[in-house]
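Below you'll find the structure, written out as structure tokens, and then a few comments.
The values are calculated or read from the model by the stated rules, or taken from the named source; none is laboratory data. Keep in mind it's a predicted model, so treat the numbers as computed, not measured. Note that each Cβ is placed from the backbone with ideal geometry, even for glycine, and that neighbours are counted across all protein chains shown. Side chains are part of the model used for accessible areas, which takes the heavy atoms of the whole protein and leaves out ligands, DNA and RNA. Shrake-Rupley method; radii C 1.70, N 1.55, O 1.52, S 1.80 Å.
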Amino acid sequence: IPADGKLLSCTGLSCDESMLTGESAAVQKQIHDEVSMGCTVKSGHGIFQVEQTGMHTRMGQIAGMLTEIEEEPTPLQKHLGQLSKYIAAGCLLICAVVSITGVLRGEALFDMLITGVSLAVAAVPEGLCAVVTISLALAVSRMVKKNALVRRLHAVETLGCATVICSDKTGTLTENRMTVQEIATPKYHLYLEVSKGKEIGFFSENGENAADLDDIRQLTEIAVLCNNTQLPQEREEKGLFRTSKVEAVQGDPTESALFVMAESAHFSTVKIMREFSRTFEIPFDSQRKRMSVIVRNRQGDRWIFSKGAPDYMLELCSYYLENGQVKLLTPSIRKKIQSQNEEMARKALRVLGFAYQSEPEESERAESDLIFVGLAGMIDPPRQEAYQAVQTCKKAGIQTVMITGDHVSTASAIARDLKILDTNGRVLTGKELDQMTDVQLDRELDQVRVFARVAPAHKLRIVKAFKKKGRVVAMTGDGVNDAPAIKEADIGVAMGNGTDVTKEAASVVLLDSSFATLVSAIEEGRVIYKNIRKFIRYLLSCNIGEIVTMFLGMLMGMPVVLLPIQILIVNLVTDGLPAIALGLEPAEKDIMQKPPRKKQEGIFSDGLLSTIVFRGILIGLTTLAVFTSFYHSSQNLLVARTGALATLVITQLIHVFECKREEVGIFKINLLDNWKLVAAVAFSTLILALSIHLPICNLLFQTAPLTWRQMGEIALYCAAVPILSSIAISFKHKKRKDRKQEEISFQLPVQGEN
């Protein structure tokens, strides 16, 4: 529909308005009803008068709301911005102190300026920006393979701290296809059985198979023939239609579901369509609530087949079918059918009734004294993978909230099925939301699990309410109506089958439109943040080690421990490939069994800064110890500097394996589960060996070959560092565990206390 307007005339017109309202079912239209730009006609035809175009349409007004929303920097951007300021200030201070100290000791001013610059090179983790960007880019590449397309690089990290997922229902939590779940006749009640995602048939609780029942065969013939769905040409020509996908047929979702029902019950739709030919149609309209067709079989017999709202169909029926025999429709049987209809409706199923009669007139008068056959209840079912994804969110401390334009009963049924809505959870409608103040909404928000019958403005208000409470919100959607809320959310997630407006507003696009894919993306976000912490820990520890080496050496009155060219070698060997490889660490097994980190939580939380400083000091002291030992034993400054260079690089390469886990020492870590890291360390070790033992490198980097005895001494010093570090980490985490246990004990009620 190209513009907003009002209907002047229409016949059997229904429109899909899900992109604006979120309601999955097509909306029946009458004369004088409004139609909206961007919506699609599912059935019927009509003429409308254009009233609004462009930005004045409903779609245009929603698009206008997007311009009022400003994007905020992600938590990682904020933390790295603060970190860069601290590093810059610290570097300037340390370099100034070292340079001034050297001059006061009598060193040449130029030499001290060069040393200060060298120290600045050592202090600044210049590889940090590159490593962060590369790690995020590689994470994006991994996420694409899982059907999550990232449009904004830093959104990858933000996903990891999501605490609330506001998910659309249709197509995200559900399959976005109507599926018949139950078939009922006056005698039988059958249920759809699914195995490994495939529909294998309809069976009763007693094991009766739909394919063996004459009453179900009659119902199926009515469902297929009283239907305007069309088969794809190639399938019709082959004479078969064995599929459970509505996409294979063309027509109204409800009528398409009836075709799939027939095939799931093991009846051939093509065979039925070839057995009968249509001679007359009485179309569906919202007043009659039914559709009828008159058909003729190959023997020339004529029949009227009707389907529609069960209550309306029962009024037209005088008989019913049981085991292939026509019987009088008694009050008790009529009551039983009504009870079956009510039972299905309570499950939020959309119910259709089916009836027929022989030798009819070709007019609406033929719809009388019909023979009732049965009922079919359908719904847009939950995705199979969504069940596990919702449970994963619960374990990960992430609250899942369904926001939909669908009816309350339909939304509640799906939410209960997926365990989103429990006994303590509340359901709010858009109308109830309008009557609540912001204070009331803030008070109720934590208990609400389903928002039904909501408009675009409601979705935006819900997202703002969650953000006001300090939550990190991921908002999913596919229609234009979702775009403002998606842009306002911390992580906007669009569906792959959604509108271009929605995708433009989103940070992430789910190519398969699945909720499970979003949960996988959140897991990837947690992994990348963990990995960013790992290589920040690694880079800063190494840089502190270099600063301690140079600074203490100057204070102790020693010659300059490392020359500028040697510091450059250290940075090239240790800050590059190993740091990038550390950013490719696989996910820890319990990554999705921990609560999300807090939005305001700093990058050095959980004592990371103290760990970095402690390990950096150990690296620096070890390097200085080797330099002092070699200098006094050999009286050769070249050998002493070479020993210091080797010690600094080796301790840093050992430390890169320690950074794989925060809570345990190196002796409890699987060192070989990341082959890229092993390869990077091997390459860096080779570069170090060449710089020490290759003559041309000795001249270039001012190093000297070391003896086996000297290498053994370096190995002993380097081995002591991870041992001391493991003892410190073990003690630190035991202390933290005890403190947390005390906090839990303090919060537990005293025995007998209410």
query = Among the residues of segment 473-495, is there at least one that is under 30 Å from Glu585 (Cα atoms), touching a Ser or Thr at 6+ places or on another chain (Cβ under 6 Å) and surrounded by fewer than 18 Cβ atoms within 10 Å (Cβ to Cβ)?
reply = no
query = Do we find a residue being at pLDDT below 90, over 19 Å from Ser514 (Cα atoms), out of contact with any Phe, Trp or Tyr (no Cβ under 6 Å at 6 or more places or on another chain) and assigned to a loop (DSSP other than H, G, I, E, B) anywhere in segment 435-450?
reply = no
inquiry  = Looking at Ile619 and the list (1) under 28 Å from Cys697 (Cβ atoms); (2) touching a Ser or Thr at 6+ places or on another chain (Cβ under 9 Å); (3) free of Cβ contacts under 8 Å to residues at least 40 places away in the same chain, which single condition is not satisfied?
reply    = (3)
ask   = Looking at segment 145-170, which of its residues are open to solvent by 50 Å² or more (accessible area, probe 1.4 Å) and over 12 Å from the mean Cα position of the chain (by Cα)?
value = Lys145, Arg151, Arg152, Leu153, His154
request  = Only residues that are touching a residue at least 60 places away in the same chain (Cβ under 8 Å) and polar (S, T, N, Q): list them for segment 319-340, please.
outcome  = Asn323, Gln340
inquiry  = If I filter segment 179-234 down to residues being among the small types (Gly, Ala, Ser) and touching a residue at least 40 places away in the same chain (Cβ under 8 Å), which single residue comes out as surrounded by the most Cβ atoms within 10 Å (Cβ to Cβ)?
reply    = Ala223
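Before we move on, is Ile333 closer than 24 Å to Leu231 by Cβ and either touching a Lys or Arg at 6+ places or on another chain (Cβ under 9 Å) or open to solvent by less than 30 Å² (accessible area, probe 1.4 Å) (or both)?
No; evaluated as a whole, the condition is false for this residue.
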note = Those residues of segment 647-675 that are over 17 Å from Phe614 (Cα atoms), at pLDDT below 90 and open to solvent by 40 Å² or more (accessible area, probe 1.4 Å) come to a total of 6
inquiry  = Out of the residues in segment 175-216 meeting the condition of being under 26 Å from Met19 (Cβ atoms) and out of contact with any Phe, Trp or Tyr (no Cβ under 9 Å at 6 or more places or on another chain), tell me which one is modelled with the highest pLDDT.
reply    = Thr179
task = Out of Thr623, Thr611, report the one residue that is part of a helix (DSSP H, G or I), over 30 Å from the mean Cα position of the chain (by Cα) and modelled with pLDDT of 90 or more.
result = Thr623
remark   = The correct count of residues that are within 21 Å of Val656 (Cα to Cα) and in contact (Cβ under 8 Å) with a residue 24 or more places away in the chain in segment 580-606 is 12
key: Enumeration of residues in segment 483-518 that are among the small types (Gly, Ala, Ser), outside any helix (DSSP H, G or I) and under 19 Å from Val156 (Cβ atoms)   = Ala489, Gly492, Ala494, Gly496, Ala506, Ser507, Ser514
request  = Just give me the residues in segment 542-557 being part of a helix (DSSP H, G or I) and open to solvent by 40 Å² or more (accessible area, probe 1.4 Å), in sequence order.
outcome  = Ile544, Phe551, Leu552, Leu555
query = Is it the case that some residue within segment 29-38 is open to solvent by less than 40 Å² (accessible area, probe 1.4 Å), farther than 25 Å from Ala348 by Cα and assigned to a loop (DSSP other than H, G, I, E, B)?
reply = yes
note = Of the residues in segment 585-643, those that are surrounded by 15 or more Cβ atoms within 10 Å (Cβ to Cβ), farther than 25 Å from Ala720 by Cβ and basic (Lys, Arg) come to Arg597, Lys599
inquiry  = I need the full set of residues from segment 176-193 which are closer than 20 Å to Pro253 by Cα and among the hydrophobic types (A, V, I, L, M, F, W, C), in order please.
reply    = Met178, Val180, Ile183, Leu192
ask   = Of the residues that sit in segment 701-716 and are outside any helix (DSSP H, G or I) and in contact (Cβ under 8 Å) with a residue 12 or more places away in the chain, which one is surrounded by the fewest Cβ atoms within 10 Å (Cβ to Cβ)?
value = Pro705
ask   = When both residues are 6+ apart or on different chains and their Cβ atoms are under 7 Å apart, which pairs have a first residue that lies in segment 664-679 and is part of a loop (DSSP other than H, G, I, E, B), and a second that is β-branched (Val, Ile, Thr)?
value = Val664/Ile729; Gly665/Ile729; Leu672/Val678
query = Restricting attention to segment 435-461, and to residues there that are within 23 Å of the chain's Cα centre (by Cα) and of a type in the set (D, E, K, R), which single residue is surrounded by the most Cβ atoms within 10 Å (Cβ to Cβ)?
reply = Lys459
From Leu119, Leu80, Leu138, Leu92, residue being open to solvent by less than 30 Å² (accessible area, probe 1.4 Å) and in a helix (DSSP H, G or I) = Leu119
